[in-house]
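Q: This is the structure I have questions about; it appears just below.
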């Protein structure tokens, strides 16, 4: 009886070990290799992280992750100021300088989880709106506070949105043109050329990828 019990236990353990080994090979080796191979063959760009390269072929980011465009921190500063030569993205994970995530750090991705009537959020929005009006008004162009779109003063759910609305991009045109010594019409055309329509013509909203737009701006200023 004892020998039979030991034998049965041994067979069960061996069967379990074989199942573990087979499933490990299938789900841990063969399946990932197959999915990776199919992805690389069918969608190589997306499989590699939707990388964006500059004119020199250097990878400068991903079209799926937003980036910040700030000046280097000065002595005594806790929050870097925006570099006004470039188109600015949406606030990161809240409202830029008021957020725990001012550098689009992926590890801190997330929303503020504050309701629309939260006093702190209302203060952030008002401060951000005032900053947008101030930063984007020039000697020949004054931003009307009522023209500031929502995405200029609030972050996305992830806080890492790489896109802004065409309205926010257009609002920045005069400032970008002045800062770079460019004609406003040329910068407006640049924004128009980098505005993506709704997916399939009806899904989502028109959008502008800030990184791609700034790469094109850099090429324009160096051309």
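The values are calculated or read from the model by the stated rules, or taken from the named source; none is laboratory data. Predicted model, so just to flag it, every value in this text is computed and none were measured. Cβ placement follows ideal geometry from the backbone for every residue including glycine, while neighbour counts extend to all protein chains displayed.
Q: Of 169, 219, 177, which residue is in a helix (DSSP H, G or I), touching a helix residue (DSSP H, G or I) at 6+ places or on another chain (Cβ under 6 Å) and in contact (Cβ under 8 Å) with a residue 60 or more places away in the chain?
A: Details: 219 fails: touching a helix residue (DSSP H, G or I) at 6+ places or on another chain (Cβ under 6 Å); 177 fails: in contact (Cβ under 8 Å) with a residue 60 or more places away in the chain.
Exactly one of 169, 219, 177 is in a helix (DSSP H, G or I), touching a helix residue (DSSP H, G or I) at 6+ places or on another chain (Cβ under 6 Å) and in contact (Cβ under 8 Å) with a residue 60 or more places away in the chain, namely 169.
Q: Which one of the conditions (1) farther than 17 Å from residue 89 by Cα; (2) outside any loop (DSSP other than H, G, I, E, B); (3) in contact with a helix residue (DSSP H, G or I) (Cβ under 8 Å, 6 or more places away or on another chain) does residue 182 fail to meet, given that it meets all the rest?
A: (2)
Q: Quick one: residue 92 ticks every box in (1) buried (at least 21 other Cβ atoms within 10 Å of the Cβ); (2) modelled with pLDDT of 90 or more bar one, so which box is it?
A: Looking at each condition in turn, residue 92 falls short on (2).
Q: Another question, then. Answer with yes or no whether residue 183 is free of Cβ contacts under 8 Å to residues at least 40 places away in the same chain and under 22 Å from residue 67 (Cα atoms). Before the answer, list the steps.
A: Details: free of Cβ contacts under 8 Å to residues at least 40 places away in the same chain: yes; under 22 Å from residue 67 (Cα atoms): no.
The answer is no for residue 183.
Q: Another question, if that's okay. Failed condition for residue 55, given (1) touching a residue at least 24 places away in the same chain (Cβ under 8 Å); (2) out of contact with any helix residue (DSSP H, G or I) (no Cβ under 8 Å at 6 or more places or on another chain), with all others met?
A: Tallying (1) touching a residue at least 24 places away in the same chain (Cβ under 8 Å); (2) out of contact with any helix residue (DSSP H, G or I) (no Cβ under 8 Å at 6 or more places or on another chain), residue 55 fails exactly one: (2).
Q: Restrict the check to region 191-214 and report whether at least one residue is free of Cβ contacts under 8 Å to residues at least 24 places away in the same chain, assigned to a helix (DSSP H, G or I) and farther than 27 Å from residue 58 by Cβ.
A: no
Q: Kindly evaluate residue 209 against the criterion of being closer than 26 Å to residue 50 by Cβ, surrounded by 13 or more Cβ atoms within 10 Å (Cβ to Cβ) and assigned by TED's automatic domain parsing to the domain that holds residue 67.
A: In short, yes.
Q: A further question on this structure: When you scan region 126-149, do you find a residue that is in a loop (DSSP other than H, G, I, E, B), over 20 Å from residue 84 (Cα atoms) and in contact with a helix residue (DSSP H, G or I) (Cβ under 8 Å, 6 or more places away or on another chain), even just one?
A: Taking region 126-149 and keeping what is in a loop (DSSP other than H, G, I, E, B), we get 137, 139-140, 142-144, 148-149.
From what is left, the residues that are over 20 Å from residue 84 (Cα atoms) are none.
The answer is no, given that none of the residues of region 126-149 is in a loop (DSSP other than H, G, I, E, B), over 20 Å from residue 84 (Cα atoms) and in contact with a helix residue (DSSP H, G or I) (Cβ under 8 Å, 6 or more places away or on another chain).
Q: Within region 152-167, count every residue that is surrounded by 20 or more Cβ atoms within 10 Å (Cβ to Cβ) and touching a strand residue (DSSP E or B) at 6+ places or on another chain (Cβ under 8 Å).
A: Count: 4.
Q: If you don't mind, another one. Looking at 63, 51, 78 in this structure, which one is at negative phi, loosely packed, with under 10 Cβ neighbours inside 10 Å and either assigned by TED's automatic domain parsing to the domain that holds residue 178 or in contact with a strand residue (DSSP E or B) (Cβ under 9 Å, 6 or more places away or on another chain) (or both)?
A: Numbers: 63 fails: loosely packed, with under 10 Cβ neighbours inside 10 Å; 51 fails: loosely packed, with under 10 Cβ neighbours inside 10 Å.
After applying the criteria, what remains is 78.
Q: Run residue 134 past the list (1) within 18 Å of residue 91 (Cα to Cα); (2) crowded, with 18+ Cβ neighbours inside 10 Å; (3) modelled with pLDDT of 95 or more and report the number of the one that doesn't hold.
A: Going through (1) within 18 Å of residue 91 (Cα to Cα); (2) crowded, with 18+ Cβ neighbours inside 10 Å; (3) modelled with pLDDT of 95 or more one by one, residue 134 breaks only (2).
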